[in-house]
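The values are calculated or read from the model by the stated rules, or taken from the named source; none is laboratory data. Predicted, not measured: the structure shown is a model, and the values here were computed from it. In this analysis, Cβ positions are derived from the backbone assuming ideal geometry, glycine residues included, and neighbour counts consider all displayed protein chains.
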């Protein structure tokens, strides 16, 4: 498994953007979106709206994924 980030395109509120995340984060992000009954673009838009200006979207997604699994850990 490569630790190199993979760039993928997302559409946030009608605007295309690209985000670079490592494959395990992409996988986890897709799983979270599915478990919440949301499209990945919808969840990314929600994260984008709630993040501060001091962090980029990729960082905000990584932190969201981390928080999701930490707060739901047994």
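Odds and ends about this structure:
- Annotation note: of 59, 17, the sole residue that is touching a strand residue (DSSP E or B) at 6+ places or on another chain (Cβ under 6 Å) and surrounded by 11 or more Cβ atoms within 10 Å (Cβ to Cβ) is 17.
Residues checked against (1) buried (at least 16 other Cβ atoms within 10 Å of the Cβ); (2) part of a strand (DSSP E or B):
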{"position": "4", "(1), (2)": "no, no"}
{"position": "9", "(1), (2)": "no, yes"}
{"position": "28", "(1), (2)": "yes, no"}
{"position": "34", "(1), (2)": "no, no"}
{"position": "38", "(1), (2)": "no, no"}
{"position": "44", "(1), (2)": "yes, no"}
{"position": "49", "(1), (2)": "no, no"}
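- Pair list, Cβ under 6 Å, 6 or more apart: region 5-33 residue closer than 12 Å to residue 61 by Cα, other residue at pLDDT 95 or above and outside any helix (DSSP H, G or I): 19/10; 20/7
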